[in-house]
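Inspection log for the structure reproduced underneath, given as structure tokens.
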Amino acid sequence: MRDRIVGSLAAVFLLGIAGCVSSTLEDTGGGYTLVAILNADGTVTVGNRTVDSKRLVSAIKAAGATRDTAILVRIPADTSKTAIAPLDSQLRTAGFTRILFRGPKHAEVTTTKPARVSDAIPTETH
């Protein structure tokens, strides 16, 4: 199980660099990538078809995916690993090996209190 998780994380990193943004089968230059969206209610949307998550493989195959197709599954924020594991298992059992699970992109912004000029100038004279 640990190897499967490590493999999935490696795939997430490698495919995350590609940055696919389509909702259908798309030629990315290095093959085809199919985007599926895991909805908050547990259903999955592939193209314009929404199905129960247990029917993910049939929906992906109906959209034209083959075993060589890279699959990007967009997941809602704060999705647990226990929700992702069955989807990963279904796809791998069906022979898909190029699988990426990606949550929403976020940006973090932090600010620091700016230093005052008077703090940087020594007050003692020599």
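We did not get these values from a lab; they are worked out from the coordinates using the rules stated. Note that the structure is a prediction, hence the values are computed from the model and not measured. Positions of Cβ are generated from backbone atoms using ideal geometry, with glycine treated the same way; all protein chains shown enter the neighbour counts.
Tabulated values for the structure
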read-out	value
Highest-first arrangement of 77-83, 62-68, 103-109, where packing means the average Cβ count within 10 Å	62-68, 77-83, 103-109
Förster radius 35 Å - calculated FRET efficiency between Thr110 and Asn39 (Cβ-Cβ, nearest 0.05)	0.65
For Ile99, distant residues with modelled amide H under 5 Å away	Ile71
